[in-house]
Amino acid sequence: MGCWNKTCAMSNLHINAGDPVYVFLIEQQSSETNHCESTHLYSPILVPFYSHYDDYGTGENNTGAALPVIIDCLKQRLIEKELGYNSYHDLEVKRDKLTVDNLFEIMKEQRLYVDNPYKSIHPDEPRELKVEFVMMRKDIVDKILYNFKIDYYDANFKTNEIGFTDILEDVDFVINYFQEENNYYSQLKEFETIRPHFLRGALIERNSKMSNLFEFFDSSYFSKTVPIFDNLANFVRNHDTYLAREFLTDALKGSFIAKFMDNTRRSWIPQCGEGSQNTDPDGHKLLAETVIEVLQKEKE
């Protein structure tokens, strides 16, 4: 099949070899939905990691606090598969052999599946759910993170617009909250996880802008493969304050991007264009200009 340009899941622009990208793993929804949400077909793991497109459909130079966490969490739900008839494509998938190095190849060959936690409750649902990935151009996402505003309701129920940098103001407060909870539960020898509703209550009492995004952390619309609060608690338990801060920041980025996807009616789905090296900008420019023109007429 050779080399080709990947497609940005946010902008639909091409991704060239070597381009820095955000990577989100997306999990197939367990049942049909009403197509109301951006997660109607696939549900994203909200914490992204960072990569560079390698020109062959996968990524390289992969980094991010979430990356080893994603691997560990996938192993817990992984559906193992034996090596198939075609050894080049029907790859073996085993818990003890799943690594950062082969994660992309396994997904690329459509071999990564996790168990469906709702199977026992709804017998008609599939036992296996496919896990794939999308890439988003870093230059596009960073621009959105810098400029996109969301509605924020303060303690007086007044609506304000806030940006991503506003949300980051209380990252250290959350980390300190987790540390205090950790110390308290360690004394009782019962520390397992932070109680998210108490944390959200503390943020609301503080009139924190971050509380508006916590709905994404607990929402049933998003993949539960990587629980945000549980893994944040693990970093705190291990005294990895720097990684805890990075993990929480990336989770907030994912939530902010999810909010943008909802607001702009974009779906979390694998992108088309596999095999194409098209980089023609004319269609994108025409669409962008047309959208701006139509919105201006609506406003008038």
* To do: Can you confirm whether region 223-231 contains a residue that is outside the structural domain of Y113 (by TED's automatic domain parsing), free of Cβ contacts under 8 Å to residues at least 60 places away in the same chain, not charged (D, E, K, R) and not in a loop (DSSP other than H, G, I, E, B)?
  => yes
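Taking the conditions exactly as written (at pLDDT 90 or above and of a type in the set (S, T, Y)), does T165 satisfy them or not?
Details: at pLDDT 90 or above: yes; of a type in the set (S, T, Y): yes.
Yes, satisfied.
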* To do: Looking only at region 16-73, count how many residues are within 15 Å of V131 (Cα to Cα) and either basic (K, R) or free of Cβ contacts under 8 Å to residues at least 12 places away in the same chain (or both).
  => 1
* State the number of residues belonging to region 77-113 that are among the polar types (S, T, N, Q) and either surrounded by 13 or more Cβ atoms within 10 Å (Cβ to Cβ) or in contact (Cβ under 8 Å) with a residue 40 or more places away in the chain (or both). => 2
* Do we find that Q271 is within 23 Å of F222 (Cα to Cα) and either of a type in the set (A, V, I, L, M) or surrounded by 11 or more Cβ atoms within 10 Å (Cβ to Cβ) (or both) in this structure? -> yes
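Return a yes/no flag: does region 233-241 have any residue that is under 24 Å from T165 (Cα atoms), at pLDDT below 95 and surrounded by fewer than 16 Cβ atoms within 10 Å (Cβ to Cβ).
So far as region 233-241 goes, yes, one or more of its residues are under 24 Å from T165 (Cα atoms), at pLDDT below 95 and surrounded by fewer than 16 Cβ atoms within 10 Å (Cβ to Cβ).
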* Asked: How many residues are buried (at least 16 other Cβ atoms within 10 Å of the Cβ), touching a strand residue (DSSP E or B) at 6+ places or on another chain (Cβ under 9 Å) and farther than 21 Å from R77 by Cα if we restrict to region 1-37?
  -> 14
* Asked: So which pairs qualify, if the first residue must be in region 268-292 and closer than 25 Å to A17 by Cβ, the second must be hydroxyl-bearing (S, T, Y) and part of a loop (DSSP other than H, G, I, E, B), the Cβ gap must be under 9 Å, and the two must be at least 6 apart or on different chains?
  -> W268/S38; W268/T39; H284/S11
* To do: Tally the residues that are touching a helix residue (DSSP H, G or I) at 6+ places or on another chain (Cβ under 6 Å) and not hydrophobic (A, V, I, L, M, F, W, C), restricting the search to region 197-217.
  => 4
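The values are calculated or read from the model by the stated rules, or taken from the named source; none is laboratory data. Computed from a prediction, not measured in an experiment: that's the story for all the values here. No Cβ is skipped: glycine too gets one built from the backbone with ideal geometry, and neighbour counts run over all protein chains shown.
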